[in-house]
Every structure is written in structure tokens, then in C-alpha cells.
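Beneath this line is the structure, given in C-alpha cells, with notes to follow.
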Amino acid sequence: MRLLTTAITLFGVAVIVFFVIRVVPGNPIAMMLPPGATEADVARLTALYGLDKSIPAQFLIWLGGVLQGDFGTSITARQPVLALVLGRLPATLELSVMALLMAIVLGGMAALLGTLRRGGRTEAAIDIGNGMALSVPDFLWGLVLILGLGVFWPVFHISGRITPSLDLPFVTNFYLFESLVRLRFDLLVDIVGHMILPALALAIPLAAIIGQLLKQSLKETMHLDYVTLSRTKGYSETHVILREALPNAILPTLTLVGVQFTFLIGGTVIIERLFSYEGLGNMAIDAVINRDLPLIQGIVILFAVIFTGVNLLVDLTYAALNPRLRHG
Amino acid sequence: MSFLEVRDLSLRIKGEQTRLLRSVSLSVSVGEVRGLVGESGAGKSMIGKAVLGILPRAVEVAGGEIWLDGQNLLALPVAQRRRVIGAKAALIPQDPLTALNPSRRIGPQITDRLVDILGWARNRAEARALELLEEVQIADPARVMRSYPHELSGGMRQRILIASAFAAEPKLIVADEPTTALDVTVQKQILRLIKGMQERHGTALLFVTHDLGVVSKVCQTISVLYAGLMVEDSATAAFYAGPRHAYSRALLAATPKYTDPLGSLTPVPEAVIAAVRAEVAAADGGWHG
């Protein structure tokens, strides 16, 4: 059932993208040819890429290829789309997951501290901080971080994924993960130094959402009877919050984090551009500028696969955390 | 000195002058069951909450002392106070449906205090929990330990909470209207169970209730509260033979009797209310918090 709905979703996404990018003005062939190319050159190249056929016919050809694992060839890079896209995917995945973890840690700490000091000045300060973090979009946070921690006080890298002069022993494109596994901490530090600002820019708004929602549900849970009973057992307030209140309060936040994480992945498109980070998002912008139709399609489909995967993961986690759901 | 001694305890809402509890003193010795009676809002639950350190955040202590096993609780730092209370006292809560954490299994909810606060080995704590579940007459305790609260009935959950309260062999148990949320048929069993456990384990029991019928069955001593003022402190037998205070007498008269359920329902006379309110006012006049 789940697989079927996923397949239909992906098909829908494919149809929409395919038609929209062909209706939007702009011609990839015109951009490829040097000035002074003849009409005949244009026609020849158009036919070569199959762009002379009707849009539904092009779609069927493309779909037939996809079902066999062939996503076509990038017009600008002249390489298979699948290889290009999968080559960039690890960079974006690592950035998104790092941003997600940072958002969870930052937001979780804000929620915890706010609950512990509820009703006081600390909570008011946290509310103000959350409000500010939320009302500024991620790319503006990116600029703020570049200026603050990249230019005025240059502690972190603001461009790229890794210092290019370094000798890379990696066999996969999961640089962060592989440097960890290989215990190459020199490389790890360099990679994290490159990732931390874009990840933080993506994480700040999400951290604010997590902090605000989780604090709200924690506060509602704090005066329930089982929390009070735990206090009489001799536990500290922090322990009471973490063990008694958190497992019950976290469920609404978890659902929201799933939805927001997909927005965060969408946010990588601009943030990667801003930080010249060689991920999918950066590639997507180039693809759109160059009207590289097969590449755009490939990237969008991959994003759609990631989104549905995230949603599935959230549902599974939700069931694992809520015993009442597990039995129902 | 009794195991629990509350001396001149006054409580108030933070930032307000009017007291919720007006210089109340009471004591409970090991083996003693004291009933704490009053209308709703009289402050009887507040005493139990103050003793266990779980007053609502809006309520503060405006004066007085609480001595538990020779230690002045209110003079201890919060973390230490909680540990002392956790080791020496326990709560049987009012509503069994909300007093167990829905996302944790029953076993750890009974053993957590033994392991975390008293430093027992996990096996020993689990053996103890099994033993207690048997003592409160729960069939198949091993299965119940692995269950989640929503899989069990209200009566079962209250038995579990009673077992959990006795787990660390506390010398004081505060029962806060432990039968109010239960079916009438289950109430009697639970009451008998609490009384039996209290006798076997020899604890001091502070029994908060609005039900004078329950007090007569369970308690040796009785304290009556009106508007946060203690108006009566008597042995139960003496109380039922003839309460000292006019308000207690009226309260007793207002308790329905099985022989004449409707005829016996006399409201507290207005003259008595006026008199007890004058006492409250007098107590406030002489108090400087």
C-alpha cells in the first residue's frame, strides 16, 4: 500500500516537472550553440536530443528509460544524469543531516532550558531568541554567518566543501562519514569547518520551531500526575523532564520535524549556492540556468524520493515511540 | 518526635496575602493512620503536597516547618530535600488513570526509585517489585511488569501505584483521596488493601479524604480543616463519640447514613459557618507572615 502511494506520488511529480520545464520559455539548444550557428545546426541538435518530438512522446521515451534506470544524458555536462546526481547526493545528504542534528540539539536545549526555568526571565529570553530565529529566513542567516564568522571573525570556511589542496583518500562522496570511518580527523576538522556555517544557516529556523513547539508540549506535560509522582520519588527536575515528560511531549514535535526537514532539504538549494557547496542544490540551480532538461528532471525526482523517504521514516519512528499506536 | 511533624505551616499563593493554609500543626507517628478531612478547597491536599514537596508552582510556604524523620525539610536545598522525601516517603495518588506514565512499562515505573535513588541492583529491585505486585493481589505479575498502563484496568493500576508506593519501605505514605476516582465496588477493596499494607509494613499514613465514612474505617486520628484552619484534632473514636468543634459536629451530621440516606443529609448550619469564619479571621489577625 505504502509502496503504491509512493510510486503514484513520484509519477505525479515526474509528470508535472517534465511538462512545466518544457513549457517555460528558454531553449537549451540555443544556449549550447556558439553565435552564428545556422538553422540547420539548431534543427540537427534538437533532433539529436529528441526535442523535436511532441512533449507526451518525449515523456514516454524518458519514462521508458527511467524504468530501466536510465535518466538520460545531461545536456551541458554530456554525462549520464544518474551518475551526476548520485555523485552530488552525498554532499547534500551530509549537509542536511548535519543541519537537522544541529537543529535538534539547539532546539532541544532551548526547549529543555525554557521548561526548567519556565515563567522566568530565561524563558522570556528564549522566546525572544526563537522569534528572531524564526522570522529571518535561512539564506539571510547564511549571509549573517558569512559576514560574522567568515569575514569579520574568520573562524570557519565560507566556500566549498573541503580545502581543494588536500589529498583525498576517499572512495565515496560521503566525505564527512568516510573521514570519520577512516579516523582521518585532520580531514574531518576541515570538512566540518566547511559545513558548519551552511548547516547552521539551515538549522537556525528549524531549531526555533523545535524549541518553541517542544517547550510548549513539555510545559503542558509538566503538571500531569505521573510527572508529579516522579518528583516525589526523589528525582531532579532535569531527570523528570527528560524521562517522564519528554517521551510523551516529543510526538507532536517529531511529526513537525519530519515536515520541516523536507523544507530544510529544499533550503539547501539556495544555501549551497551561497556557500559554493558542491551539492545537489547548487547543481540544480546550474541546471535550471542552462535549461539542462534531463538534469533538472533527475534532480527533482531524487528530491521527491528523499521527501517520501523522510516521511516514511517519521511514520516508523512515531510508531516506535508511541506504545499505544504500536498495538492499535 | 513523631516521624512526620508539621509545625505552624502556612501556605499562600505567590504575591498574595491571603493564606491557603493557616498555621496548621499535625503529627503522624510510625504505625499511625491520620485522616485529614475537609470540604474541597479546605487545604487538606495542600498539606500532603507540601510534605512531599510537590506544591503547585504558584503556591509558596509563608511560614512554619515540616520535619520528616528528624530533618527540617524546608531548610534543605531542593535537590537534597527531594532525595530525602524519595527515600522516606511516598505518595498514593488520586487518579490511577493519569498517575502512570503512558509511554513507560509498569516494571521500571515501580523499580526506578529503588535503582536510581536507593542504589539497588536491578535484579533485586525487580524481585522486590514482583513480590509487591503479588502482595497487592495482581495475577501474573511478571506479565504486568512488561505491560504498558493502557493495557490495564483502573483498579489494577491503583494496585500497582500502591505497590509502587510501598516499594522502598517508606516510613510515611501520603494517600491523596486514593479511592475517589474509582468505582464504588473497587473502592472498598482498595481501601482494605491500603489498610492491610499499612499494618503489615508499619508505616505512618496520612490519609487525605472528604469522606468521613472512610475515616471511621481506616484512621486512628483525625484532623478537620476549614478554610485552611485546623478546627479539630482528635482520636477517631473520640471524634465519632462527640466532636469537640461545632463545625466537625455539623460535618459529621452532614454525612449520609445508610439507615436513612436522605433524612440524614443536613447541611452545615449558617451559624456554625459564621462562627468558624470568625475563628479564621481571628487567626489571620494574630498572624504576621
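The values are calculated or read from the model by the stated rules, or taken from the named source; none is laboratory data. All values reported here derive from a predicted model rather than from experimental measurement. Here Cβ is always computed from backbone atoms with ideal geometry, including for glycine, and neighbour counts include all displayed protein chains. For the accessible areas, the whole protein counts, side chains as well, though only heavy atoms, and no ligand, DNA or RNA atoms are used. Shrake-Rupley method; radii C 1.70, N 1.55, O 1.52, S 1.80 Å.
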Checklist entry - Across segment B:56-84, what is the number of residues that are more than 19 Å from residue B:29 (Cα to Cα), open to solvent by less than 50 Å² (accessible area, probe 1.4 Å), in contact (Cβ under 8 Å) with a residue 12 or more places away in the chain and not in a strand (DSSP E or B)? => result 1
Item to check | Set B:271, B:241: member being at pLDDT 85 or above and open to solvent by 50 Å² or more (accessible area, probe 1.4 Å) | outcome: B:241
Checklist entry - What is the residue count in segment A:229-279 for residues that are away from every other protein chain (no Cβ under 13 Å), open to solvent by 40 Å² or more (accessible area, probe 1.4 Å) and not in a helix (DSSP H, G or I)? => result 2
Checklist entry - Assuming residue A:132 fulfils every condition listed in (1) open to solvent by 80 Å² or more (accessible area, probe 1.4 Å); (2) in a loop (DSSP other than H, G, I, E, B) apart from one, which condition is it? => result (2)
Checklist entry - Among the residues of segment B:142-153, which ones are surrounded by fewer than 20 Cβ atoms within 10 Å (Cβ to Cβ), touching a residue at least 12 places away in the same chain (Cβ under 8 Å) and more than 13 Å from chain A (Cβ to nearest Cβ)? => result B:142
Item to check | From B:26, B:4, B:52, residue being among the aliphatic types (A, V, I, L, M), within 13 Å of another protein chain (Cβ to nearest Cβ) and within 16 Å of the chain's Cα centre (by Cα) | outcome: B:52
Checklist entry - Of the residues A:179, A:165, A:96, which single one is more than 18 Å from the chain's Cα centre (by Cα) and either assigned to a helix (DSSP H, G or I) or among the basic types (Lys, Arg) (or both)? => result A:179
Checklist entry - Within segment A:112-126, is even one residue farther than 18 Å from residue A:265 by Cα, acidic (Asp, Glu) and open to solvent by 40 Å² or more (accessible area, probe 1.4 Å)? => result no
Checklist entry - Quick one: residue B:30 ticks every box in (1) open to solvent by 20 Å² or more (accessible area, probe 1.4 Å); (2) of a type in the set (Val, Ile, Thr); (3) under 16 Å from residue B:177 (Cβ atoms); (4) touching a strand residue (DSSP E or B) at 6+ places or on another chain (Cβ under 6 Å) bar one, so which box is it? => result (3)
Next on the checklist: Being of a type outside the set (D, E, K, R), over 36 Å from the mean Cα position of the chain (by Cα) and in a helix (DSSP H, G or I) is the filter here; which residues of segment A:28-53 pass it?
Outcome noted: A:40, A:42, A:43, A:47
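Okay, residues lined up against (1) in contact with a His (Cβ under 9 Å, 6 or more places away or on another chain); (2) free of Cβ contacts under 8 Å to residues at least 24 places away in the same chain; (3) surrounded by fewer than 21 Cβ atoms within 10 Å (Cβ to Cβ); (4) not in a strand (DSSP E or B):
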| position | (1), (2), (3), (4) |
| --- | --- |
| B:6 | no, no, no, no |
| B:12 | no, no, yes, no |
| B:15 | no, yes, yes, yes |
| B:25 | no, no, yes, no |
| B:42 | yes, no, no, yes |
| B:45 | no, no, yes, yes |
| B:51 | no, no, no, yes |
Checklist outcome for this item: In segment B:116-127, anything more than 9 Å from chain A (Cβ to nearest Cβ) and open to solvent by 30 Å² or more (accessible area, probe 1.4 Å) is listed as B:119, B:120, B:121, B:122, B:123, B:124, B:126, B:127
Next on the checklist: Looking at segment B:105-115 only, could you name the residues that are at the interface with chain A (Cβ under 7 Å from one of its Cβ atoms) and either acidic (Asp, Glu) or outside any helix (DSSP H, G or I) (or both)?
Outcome noted: B:112
Item to check | Residues (part of a loop (DSSP other than H, G, I, E, B) and without any contact (Cβ under 8 Å) to a residue 40 or more places away in the chain) located in segment A:72-93 | outcome: A:78, A:79
